[in-house]
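Participant: Sharing a structure with you now.
The values are calculated or read from the model by the stated rules, or taken from the named source; none is laboratory data. Predicted model only: the values in this text are computed from it and were never measured. Note: ideal-geometry Cβ built from the backbone for every residue, glycine included; neighbour counts use all protein chains shown. The protein model used for the area step is the full one, side chains on, heavy atoms only, and it has no ligands, DNA or RNA in it. Shrake-Rupley method; radii C 1.70, N 1.55, O 1.52, S 1.80 Å.
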Amino acid sequence: AYLHIKSGLAGIGRGVNMALVRWVLQGLFLIYVSLNATFALVLGFSNRPKEHWDHVHHQSMTFWKRQAFIYSVFDTITDSKKIDELIQERKQSGAGIMTISKRFEDSEHVLHYRKYPKEYLAVIDQVLNDVVKSS
């Protein structure tokens with residue numbers, strides 16, 4: 001899996017309370033990312049972020065004809081802008097992909113149901129109803 005640098009730093013920032021430890025871990029994370037990118041460039045390894053998104057785009061365009069996205073702008077792990085781009089791509093693809101999405105503004109990663117149970121369940125109901133109708 002691929003973790004965006006911003007998401008990694010934010011995850012460490014939110015998960016580690018002690019400032020000194022947080023800064024050290026964020027520094028080590030940046031060193032790791034930098035060394036990984038440098039070695040990949042020098043040794044000719046693949047570009048992991050590009051490889052990840054190419055895989056997501058290709059697999060989901062050719063394999064899954066129904067896709068649901070439940071996400072939040074406030075999420076520090078998932079980049080909501082990337083999800084927005086992916087949803088737009090799906091809708092404009094002409095590949096017959098049914099796309100359902102719900103974007104929240106202030107719920108944390110995988111905690112959307114806790115904050116918005118009715119809205120979350122409405123999306124799940126919509127997905128399930130669409131599956132049953134097309135079966």
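Participant: What pairs can you find where one residue is in segment 87-104 and assigned to a helix (DSSP H, G or I), the other is among the small types (Gly, Ala, Ser), and their Cβ atoms are less than 6 Å apart, with a gap of 6+ or different chains?
Facilitator: As it stands, the answer is ILE87/SER101, since those pairs meet every condition given.
Participant: Something else: Quick check on TYR71: is it in contact with a helix residue (DSSP H, G or I) (Cβ under 7 Å, 6 or more places away or on another chain), at pLDDT below 85 and surrounded by 12 or more Cβ atoms within 10 Å (Cβ to Cβ)?
Facilitator: No, not satisfied.
Participant: Continuing with this model, one more query. If you check TYR113 against the conditions, is it at pLDDT 90 or above and not in a helix (DSSP H, G or I)?
Facilitator: Details: at pLDDT 90 or above: yes; not in a helix (DSSP H, G or I): no.
Judged against the criteria, TYR113 is not a match.
Participant: Being open to solvent by 40 Å² or more (accessible area, probe 1.4 Å) and either of a type in the set (Gly, Ala, Ser) or closer than 10 Å to ILE70 by Cα (or both) is the requirement here; does SER101 meet it?
Facilitator: So SER101 fits the description; yes.
Participant: Pairs needed: first member in segment 22-40, surrounded by 13 or more Cβ atoms within 10 Å (Cβ to Cβ); second member anywhere, modelled with pLDDT under 85 and part of a helix (DSSP H, G or I); C-beta distance under 6 Å; at least 6 residues apart or different chains.
Facilitator: PHE29/GLY8; VAL33/ILE5
Participant: State all residues of segment 76-92 that are farther than 27 Å from LYS133 by Cβ, modelled with pLDDT of 85 or more and either touching a Pro at 6+ places or on another chain (Cβ under 6 Å) or open to solvent by less than 40 Å² (accessible area, probe 1.4 Å) (or both); if no residue qualifies, say none.
Facilitator: The one that is farther than 27 Å from LYS133 by Cβ, modelled with pLDDT of 85 or more and either touching a Pro at 6+ places or on another chain (Cβ under 6 Å) or open to solvent by less than 40 Å² (accessible area, probe 1.4 Å) (or both): SER80.
Participant: For segment 23-67: of the residues being aromatic (Phe, Trp, Tyr) and either in a helix (DSSP H, G or I) or more than 22 Å from the chain's Cα centre (by Cα) (or both), which is modelled with the lowest pLDDT? Can you show your working first?
Facilitator: Within segment 23-67, the first condition is being aromatic (Phe, Trp, Tyr), and the residues that meet it are 23, 29, 32, 39, 45, 53, 63-64.
Okay, now just the ones that are also either in a helix (DSSP H, G or I) or more than 22 Å from the chain's Cα centre (by Cα) (or both), so 23, 29, 32, 39, 45, 53.
Numbers: TRP23: 95, PHE29: 91, TYR32: 88, PHE39: 82, PHE45: 74, TRP53: 69.
That would be TRP53.
Participant: Taking segment 116-135 as the region of interest, how many residues are part of a helix (DSSP H, G or I) and out of contact with any strand residue (DSSP E or B) (no Cβ under 9 Å at 6 or more places or on another chain)?
Facilitator: 8
Participant: Looking at ALA95, ALA122, can you tell me which residue is more than 29 Å from GLY15 (Cα to Cα), touching a helix residue (DSSP H, G or I) at 6+ places or on another chain (Cβ under 6 Å) and surrounded by 11 or more Cβ atoms within 10 Å (Cβ to Cβ)?
Facilitator: Step by step, each of ALA95, ALA122 is checked, and only ALA95 is more than 29 Å from GLY15 (Cα to Cα), touching a helix residue (DSSP H, G or I) at 6+ places or on another chain (Cβ under 6 Å) and surrounded by 11 or more Cβ atoms within 10 Å (Cβ to Cβ).
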